[in-house]
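Here the structure is laid out as structure tokens; the discussion comes afterwards.
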Amino acid sequence: MLHAIIMAGGSGTRFWPASRQLRPKQLLNLHGDRSMIQSTLDRLGNLVAPEQQMIITGKVLVDAIAEQLPELPKQNIVGEPCRRDTAPCIGLAAALVQHQDPDAVMAVMPSDHVITSPERFQAALKTGEKLIQEDPSRIVTFGIRPDYPAESFGYIERAIAIENSEAAVFQVKQFREKPNRETAQAYLDAGTFYWNGGIFLWKASTILKALQENAPEIYAHIDAIAKRIGQDDYPQVLEREFAAIEGKSIDYAVMETYPNVVVIEADFPWDDVGSWQALSRLHEPDEDGNTVVGSHVAIDSSGCIIHSTGEHTIVTIGLDDMIVVQTPDATLVAPKHAEERVREAVKALAERGLDGLL
């Protein structure tokens with residue numbers, strides 16, 4: 001049976017001041033009328049029943065997510081005791097799913113991407129599931145064909161094609177870390193590299209075995225948790241064992257060394273919505289190149305990203321290539337080229353004890 005695991009533990013600091021600790025990016029409406037996490041489940045359609053959908057998030061966000069997803073069984077929204085990166089998150093999900101369904105196939109995906117063709121996405125998941133049925137030891141991932149030399153994504157280098165597949169499927173030669181611009185351009189020119197979309201399919205048993213072999217220190221804690229699922233002391237064991245894990249991404253823990261990984265070339269539109277500049281890709285700019293969400297009056301202003309809330313109107317005069325984000329209690333003004341420094345602003349607020357703005 002196919003299960004969908006939605007990773008929703010991120011804090012979305014690059015989307016401050018709209019994104020906050022108790023209402024991070026995945027709970028915001030940045031594209032369309034639904035929040036990002038609602039849209040993530042929407043695009044699954046009828047492919048995965050709500051009973052087989054699981055959210056892994058921080059425990060402080062469980063209630064807020066449950067409010068946005070009333071159709072999801074409350075027990076399927078799992079709160080991590082603390083943040084420990086994606087490998088422990090996925091290991092915990094695999095243990096919980098395998099306890100429920102020993103032969104389960106897991107589709108693992110982030111909660112904060114925009115994919116505007118649910119039909120193509122579902123077709124890709126079906127292709128991935130078939131590849132796993134053909135070879136249960138496989139790990140399937142999805143590669144996004146790059147259209148510019150992005151420095152903010154990891155890359156997947158493909159090898160030989162998998163024959164007799166319904167889609168473009170290749171053995172993975174290797175995973176590459178985020179490159180500098182020159183290297184990213186070389187990847188783009190080569191035509192054999194994909195952006196790593198962070199979406200995976202595997203059997204629950206396969207990923208647990210891979211963790212046991214490649215990250216035994218993580219697996220030991222996950223196994224201790226798994227043995228107490230359904231027991232009275234499970235909450236205490238989860239709290240103790242999960243906190244003892246040294247965080248590591250699934251790429252470092254498994255993907256870079258696992259010998260049987262295939263990549264499906266994704267034919268669905270995809271955006272990781274990593275920072276405020278993503279709004280320019282998700283919303284049609286006006287005739288002056290301004291991307292506006294909310295109310296804005298521009299005077300000699302171009303190339304800006306404007307985001308306001310409620311009935312608040314932002315007026316810009318002589319402003320070019322800037323980001324302006326207004327919320328009821330904070331406003332961000334920054335050059336577009338400095339958007340990565342929004343994290344510095346969040347850190348500075350924390351250092352000054354302005355916790356109410358975090």
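Summary of computed values
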quantity	calculated
Cβ pairs under 7 Å, 6+ apart, first in segment 315-326 and not assigned by TED's automatic domain parsing to the domain that holds residue 339, second surrounded by fewer than 19 Cβ atoms within 10 Å (Cβ to Cβ) and not aromatic (Phe, Trp, Tyr)	none
In segment 208-257, residue nearest to residue 54 (Cα to Cα) [restricted to those that are assigned to a helix (DSSP H, G or I) and in contact with a strand residue (DSSP E or B) (Cβ under 7 Å, 6 or more places away or on another chain)]	242
Qualifying strands (runs of 3 or more DSSP E) (wholly inside segment 47-135; at least 3 residues being of a type in the set (A, V, I, L, M), touching a helix residue (DSSP H, G or I) at 6+ places or on another chain (Cβ under 7 Å) and buried (at least 18 other Cβ atoms within 10 Å of the Cβ))	53-58, 105-110
Inter-residue pairs, beta-carbon under 9 Å, first farther than 17 Å from residue 191 by Cβ and assigned to a loop (DSSP other than H, G, I, E, B) and in segment 155-176, second at pLDDT 95 or above and of a type in the set (Asp, Glu), 6+ apart	167/265
Long-range neighbours under 6 Å by Cβ, at least six apart or interchain, first residue under 19 Å from residue 327 (Cα atoms) and in the same structural domain as residue 102 (by TED's automatic domain parsing) within segment 28-52, second in a helix (DSSP H, G or I) and at pLDDT below 95	31/282
Residues being part of a strand (DSSP E or B) and modelled with pLDDT under 95 - total across segment 144-154	0
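The values are calculated or read from the model by the stated rules, or taken from the named source; none is laboratory data. These numbers were taken from a predicted model, which means no experiment stands behind them. Cβ atoms come from the backbone with ideal geometry, glycine included; neighbour counts cover every protein chain shown.
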